[in-house]
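Asker: Handing you a structure now.
Read-outs: derived from the displayed coordinates by stated rules, not from any lab. Just so we're clear, the structure is a prediction, and the values are computed from it rather than from any experiment. Counting neighbours? That spans all protein chains shown, and the Cβs are built from the backbone with ideal geometry, glycine included.
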Amino acid sequence: MSFPTHRPRRLRRTEALRGLVRETRLTTAGLIYPMFVCPGTKVRQEVSSMPGIYQQSADQIVEECREVESLGIPGIILFGLPETKDARGASALSAEGVVQRAVEAIRKAKLKLLVITDVCLCEYTDHGHCGVIENGDVANDSTVAILAQQALSHARAGADIVAPSDMMDGRVGAIRETLDEHKFENIAILAYAAKYCSGFYGPFREAAQSAPQFGDRRGYQMDPGNAREALKEVDLDLEEGADMVMVKPALAYLDVIRRVREAFDVPVGAYNVSGEYAMVKAAAQKDWLDEKRVVLEILTGIQRAGAEIILTYHAKDAARWLKAC
Ligand code: PBG
């Protein structure tokens, strides 16, 4: 039995009907807003390739956090632009580091916002790689030891969740162990489990001043052709103690999000990265796209693929638009 008995258009007739039968209901509750903190006070410098996104000092971060909270966005993720960089990324683990200071300032402001910190060395090393260099290569195990200390310093500052994005093997286990040893057993780990070596990180590297000064990240980030390997990465991170996992970028990897969602019963996140944001912004500025419409469509698509948590630079706009709906 098919047409004329079945007419799918019956349920598309009015907005009330469409709303009633909608399978994916995008809400602000799953959005996380990424922010870039730099030294100083009263600094607020727009990232040229990411209109609406700023490098800002801790005092300004706190101000924007108030706005983020008032929009109903549950959390932020912080990236740091340190005062100094060196070969081993020492400024990443300092108690006086930019991220640590910003986390303390947010905590002091008594905001309810979840504070997530990105754990990685690329913003802190003078060569721009995500780990330390030994014998011309990014050394896995020495890097892991430093990352665990970085995560610990974030927890001490008051972070709720640490999010390792470096793609070293074994870092989740080392971070869990170090946090537990210091009585931070309630600090959660959101692992960038399946992070691909992607051209879509271009604008972020301007925002975070973290472009590698030689070579590339193919030796540690995943090859874009692999999806089965993503399941293995997720499996390993969960075994090591990750509480939540993430796929990154989002749009060219919706199939990976779906497969991770189906294979594991943990919260799954996706990072709608800087290049994905920049493409929409650039086209919208030229009036080539209806920004609100495509942003809500993109976020709905990422959620429909299986991500209940979405890290996105569009979070504030999306929250405003969703409120008005
Ligand atoms: C590494 C890191 C990167 C991003 C988040 N964490 C960049 C990279 O791996 O080169 C990219 C995020 C984005 O593009 O929005 N610390």
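Asker: Measure out, as a whole number of angstrom, how far apart the alpha-carbon centroids of the stretch 285-302 and the stretch 64-141 sit.
Answerer: Cα centroid to Cα centroid, the span is 29 Å.
Asker: Now for a different question. Taking amide H atoms as placed 1.01 Å from N in the peptide plane, list the residues 5 or more away in sequence, or in a different chain, whose amide H sits under 5 Å from that of L289.
Answerer: Hits under the 5 Å cutoff: A284.
Asker: Ranked from highest to lowest mean number of other Cβ atoms within 10 Å per residue, what is the order of the peptides 3-14, 233-244?
Answerer: 233-244, 3-14
Asker: Starting from the stretch 267-313, pick out the chymotrypsin sites (Phe, Trp or Tyr not before Pro) whose DSSP state is loop and whose Cβ has at most 16 other Cβ atoms within 10 Å. Could you put the intermediate results ahead of the total?
Answerer: Values: sites: Y271, Y277, W288, Y313; in loops: W288, Y313.
Here the chymotrypsin sites (Phe, Trp or Tyr not before Pro) that fit, given the DSSP loop and packing criteria, are W288.
Asker: Let me ask something else. If you count the DSSP beta bridges with both ends in the stretch 28-180, what percent of them are antiparallel, to the nearest 5?
Answerer: Around 25 percent of the beta bridges assigned by DSSP in the stretch 28-180 are antiparallel ones.
Asker: Let me ask something else. Relative contact order for the chain: what percent, with Cα pairs under 8 Å and sequence separation of 6 or more?
Answerer: Reported as a whole number, the value is 17 percent.
Asker: Using unit Cβ charges (K, R positive; D, E negative) and no other charged atoms, how large, in debye to the nearest 20, is the dipole of the chain about its Cα centre?
Answerer: 1900
Asker: Tilt of helix 171-181 relative to the longest C-alpha principal axis of the chain, in degrees (0 to 90, nearest 10)?
Answerer: Tilt relative to the chain: about 70 degrees.
Asker: What distance in nm separates the simple spin-label points at T41 and D235, each placed 7 Å from Cα in the Cβ direction?
Answerer: Between T41 and D235, the simple spin-label model gives 5.4 nm.
Asker: With Cβ to Cβ distances under 15 Å as the rule, what net charge do the other residues near M168 carry (K, R +1; D, E -1)?
Answerer: Local net charge: -4.
Asker: Just to verify a number: FRET efficiency for A29 and A145, C-beta to C-beta distance, R0 = 25 Å, to 0.05?
Answerer: 0.10
Asker: What ³J(HN,Hα) values, in whole Hz, does the Karplus curve 6.51 cos²θ - 1.76 cosθ + 1.60 give for the stretch 274-290 when θ = phi - 60°, with x put for Gly and Pro?
Answerer: The phi angles translate into 4, x, 5, 5, 4, 4, 5, 4, 5, 5, 5, 4, 8, 6, 8, 9, 8 Hz.
Asker: Of the trypsin sites (Lys or Arg not before Pro) in the stretch 95-161, which ones lie in a loop per DSSP and count no more than 13 other C-beta atoms within 10 Å?
Answerer: Working: sites: R101, R107, K108, K110, K112, R156; in loops: K110, K112.
Answer in residue order: K110, K112.
Asker: Would you mind working out the magnitude of the charge dipole of the stretch 59-124 relative to its Cα centre, with +1 at each Lys and Arg C-beta and -1 at each Asp and Glu C-beta, to the nearest 20 Debye?
Answerer: Its charge dipole is roughly 260 debye.
Asker: For the chain, build the charge dipole from Cβ charges (+1 Lys, Arg; -1 Asp, Glu) around the Cα centre, then report which of F3, L251, L190 sits farthest towards its positive end.
Answerer: The listed residue farthest towards the positive side: F3.
Asker: Something else about it: Residue-wise, which Karplus ³J(HN,Hα) couplings in Hz belong to the stretch 232-240, taking 6.51 cos²θ - 1.76 cosθ + 1.60, θ = phi - 60°, and x for glycine or proline?
Answerer: Per-residue couplings from phi come out as 5, 4, 5, 4, 4, 5, 5, 4, 6 Hz.
Asker: Provide the gained length on full extension for the span E185 to E262, in nm with one decimal, where the gain is 0.36 nm per separating residue minus the Cα-Cα distance.
Answerer: Contour length minus the Cα-Cα distance gives 24.9 nm.
Asker: A further question on this structure: What are the residues whose amide H is under 5 Å from the amide H of E83, where those residues sit 5 or more places off or on another chain and H is modelled from the backbone?
Answerer: Under 5 Å from the amide H of E83: V98.
Asker: Note down the net charge around R25, summing +1 for each Lys or Arg and -1 for each Asp or Glu among other residues with Cβ under 12 Å from its Cβ.
Answerer: Here the count lands on +1.
Asker: Assigning unit charges at the beta carbon (Lys, Arg +1; Asp, Glu -1) and nothing else, what dipole magnitude in debye, to the nearest 20, does the stretch 284-325 show about its Cα centre?
Answerer: 120
Asker: Taking H as built 1.01 Å from N, whose amide H comes closer than 5 Å to the amide H of G75, not counting residues under 5 places away?
Answerer: For G75, the qualifying residues are Y33, L114.
Asker: Sum up the charges of everything whose Cβ sits under 12 Å from the Cβ of M50, counting Lys and Arg as +1 and Asp and Glu as -1, but leave M50 out.
Answerer: Numbers: positive: R205, K281; negative: E46, E206, E276.
Net local charge, M50 excluded: -1.
Asker: Taking +1 at the Cβ of each Lys and Arg and -1 at the Cβ of each Asp and Glu, which of C122, C38, P212 sits farthest along the dipole of the chain towards its positive end, judged by Cα position relative to the Cα centre?
Answerer: C38
Asker: May I pose another question? For the stretch 32-43, take each phi angle, set θ = phi - 60°, evaluate the Karplus expression 6.51 cos²θ - 1.76 cosθ + 1.60, and give the result in whole Hz per residue in order, putting x for glycine and proline.
Answerer: Values per residue, Gly and Pro as x: 10, 9, x, 9, 10, 9, 10, x, x, 10, 6, 8 Hz.
Asker: Still on this structure: Measure nothing fancy, just the Cα-based angle from helix 58-70's long axis to the longest principal axis of the chain, in degrees from 0 to 90, nearest 10.
Answerer: Helix 58-70 sits roughly 20 degrees off the main axis of the chain.
Asker: Can you tell me the order of 299-308, 73-82 when each peptide is scored by its average per-residue count of other Cβ atoms within 10 angstrom, highest first?
Answerer: Listed from highest to lowest mean packing, they are 73-82, 299-308.
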